[in-house]
1. 7 Å from Cα along Cα→Cβ at both Ser33 and Arg12: what's the point-to-point distance in nm?
2. Packing-wise, with mean Cβ within 10 Å as the measure, how do 17-27, 54-64 rank, highest first?
3. Mean residue ellipticity at 222 nm from the helices of the chain, using -39,500 (n - 2.57) per DSSP H segment of n ≥ 4 over the full residue count, to the nearest 500 deg cm²/dmol?
4. Check cross-link reach from Lys42 to the lysines: straight Cα distance under 19 Å, and skip same-chain residues fewer than eight apart.
5. Expressed in nm to one decimal, what extension gain is obtained for the pair Lys53 and Lys40 from 0.36 nm per residue of sequence separation less their Cα-Cα distance?
6. Under 5 Å between amide hydrogens, which residues at least 5 positions from Tyr19 or on another chain qualify, with H placed 1.01 Å from N in the peptide plane?
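No lab work stands behind these numbers, since they all come straight from the coordinates. Everything numeric here is computed off the predicted structure, so don't read it as measured data. Heads up, the Cβs are rebuilt from the backbone with ideal geometry, glycines too, and the neighbour counts pull from every protein chain shown.
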Amino acid sequence: MENWSNGLEALRTSVFGGYKKEDVLEYIDFLLSEMEILKKEKSELEEQIKQLKGAQEEEKEDREVKGRE
């Protein structure tokens, strides 16, 4: 598999113009794989945000209770 870090620059051109089909298909597979990784990371980060907001809310409630005492 090609090193796709250079994006479309890594695609080879064909004799009649355009790009080689196998390169394009490999690049699409690479992009799909990257997209899945990013979706997973996004989901994990959203879960972390949810947990942090919950902890922040608990801390706020604790401070309010202590302030009333």
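1. The two pseudo-label positions are separated by 1.9 nm.
2. Final packing ranking: 17-27, 54-64.
3. -26000 deg cm²/dmol
4. Qualifying lysines at Cα under 19 Å: Lys50, Lys53.
5. Gain in length upon complete extension: 2.7 nm.
6. Ser14
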